[in-house]
Amino acid sequence: MILMEGKPVAASIKNELKAAISKRSKENKKTPHLAAILVGNNGASETYVNSKVKNCLEVGIISSLFKYENNITESELLQQIKMLNENDDIDGILVQLPLPDHISEKKVITTISPAKDVDGFNPVSVGNMVLGFPTFISATPYGILLLLKYYNISLKSKHVVIIGRSNIVGTPLSILLSRNNEFGNATVTLTHSHTADLKEICRSADVIIAAIGKPQFIKADMIKTGAIVIDVGINRIKDDNKKNGYALVGDVDFESVSNKSSYISPVPGGVGLMTIAALLKNTFNACIYLHP
Ligand code: NDP
């Protein structure tokens, strides 16, 4: 079994970006600048945003974090996004999800300018992705493609079963992997909570991508021997042995599944690191597009 660790992949992407940003600086070209918006006090969201900011700093991307209380109104937030759209110094904008119930995620993601939509959630970005046009691919699917590429795994002609059809992971991935391109040409089955015979479908898969949000859901008896397993899930489970009282686990039961798979990505240390690396790449690309 080969462990598909995200660390070496993310490190190599970050080194490339660092060099490219430093080269731009020597040529007096603009330094990429990411604006990250965080609303409320969701612990996991704060951790994710802080990690994105820290990673920007490591490669030389400027980041500005805009933090708002839970009681910011929808129109105030949309106004802030519009100002960032107009601000020439900002290349990429991300709004950390989820948002409080009184703010429409749909309005927020459609307000971000497609040219600065480094999370790739705007319908324009998604539409371009569906048609295979150049665009920002949302960070987690993009990170998974980069992970597969690094480990030299081609999905051509393979049967890929994706569990979970969210707009940010499962659905875009199902499209990207079925298209006729260097990452694609797979035959994809996209499954969800209404899928019948999930176990049998999973057992027919050459590649399983789990994006469910249920700790250790995929067990060894759901995969065929030699399958490639990519675990997107990040779940907190109670663990009294940890200082903070919880451990992070994926959607795959790593202990049993790793004995049966040919490749498997760990949690933590797999797709999560790739998501951040992909976001950095998108931010750099936004900058060179807006300020060649
Ligand atoms: P969502 O909660 O938006 O979607 C979960 C999906 O799983 C839904 O499509 C749901 O089906 C499906 N599902 C739920 N239960 C079952 C079941 N019993 N059988 C089959 N399908 C089921 O999830 P996200 O895509 O946002 O996140 C999934 C996981 O990935 C989470 O753990 C999240 O934390 C993690 N994540 C990790 C990232 C990373 O960087 N590594 C980035 C983003 C997410 P239905 O549509 O029918 O409800």
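The values are calculated or read from the model by the stated rules, or taken from the named source; none is laboratory data. None of the values given here were measured: they were computed from a predicted structure. Please note: Cβ atoms are built from the backbone with ideal geometry, for glycine as well, and neighbour counts cover all protein chains shown. Note: accessible area is taken over every heavy atom of the protein model, side chains too, but ligands, DNA and RNA are not part of it. Shrake-Rupley method; radii C 1.70, N 1.55, O 1.52, S 1.80 Å.
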Legend entry - Criterion violated by Gly132 - all others in (1) in the same structural domain as Ala205 (by TED's automatic domain parsing); (2) more than 17 Å from Ser261 (Cα to Cα) satisfied: (1)
Inset, instruction - Answer yes or no: is there a residue in the range 254-266 that is assigned to a loop (DSSP other than H, G, I, E, B), away from the ligand (no atom under 13 Å from the Cβ), open to solvent by 30 Å² or more (accessible area, probe 1.4 Å) and of a type outside the set (Gly, Ala, Ser). - result: yes
Inset, instruction - Considering each residue of the range 180-199, count those that are out of contact with any helix residue (DSSP H, G or I) (no Cβ under 9 Å at 6 or more places or on another chain), more than 24 Å from Gly272 (Cα to Cα) and at pLDDT 95 or above, and give that number. - result: 3
Inset, instruction - Among the strands (runs of 3 or more DSSP E) lying completely within the range 142-251, list those that include at least 1 residues that are touching a residue at least 60 places away in the same chain (Cβ under 8 Å). - result: 159-163, 207-210, 228-231, 235-238
Legend entry - Residue that is surrounded by the fewest Cβ atoms within 10 Å (Cβ to Cβ) [pool: residues in the range 27-52 that are in contact with a strand residue (DSSP E or B) (Cβ under 9 Å, 6 or more places away or on another chain) and farther than 18 Å from Ile112 by Cβ]: Ala44
Inset, instruction - Would you mind stating whether Val9 is within 30 Å of Ala220 (Cβ to Cβ), in a helix (DSSP H, G or I) and not basic (Lys, Arg)? - result: yes
Legend entry - Leading residue by the ranking (nearest to the ligand (Cβ to nearest atom)) among those in the range 158-186 that are of a type in the set (Val, Ile, Thr) and within 21 Å of Thr135 (Cα to Cα): Val169
Legend entry - Residues (modelled with pLDDT of 95 or more and away from the ligand (no atom under 16 Å from the Cβ)) located in the range 222-253: Lys224, Thr225, Gly226, Ala227, Ile228
Legend entry - Index of the failed condition, Ser25 passing every other in (1) within 26 Å of Glu86 (Cβ to Cβ); (2) part of a helix (DSSP H, G or I); (3) touching a residue at least 60 places away in the same chain (Cβ under 8 Å): (3)
Inset, instruction - Determine the pairs where a residue that is on the phi < 0 side of the Ramachandran plot, located within the range 69-88, has a partner that is at pLDDT below 95 and open to solvent by 100 Å² or more (accessible area, probe 1.4 Å) with Cβ atoms under 8 Å apart, the partner being 6 or more residues away or on another chain. - result: Asn70/Asn41
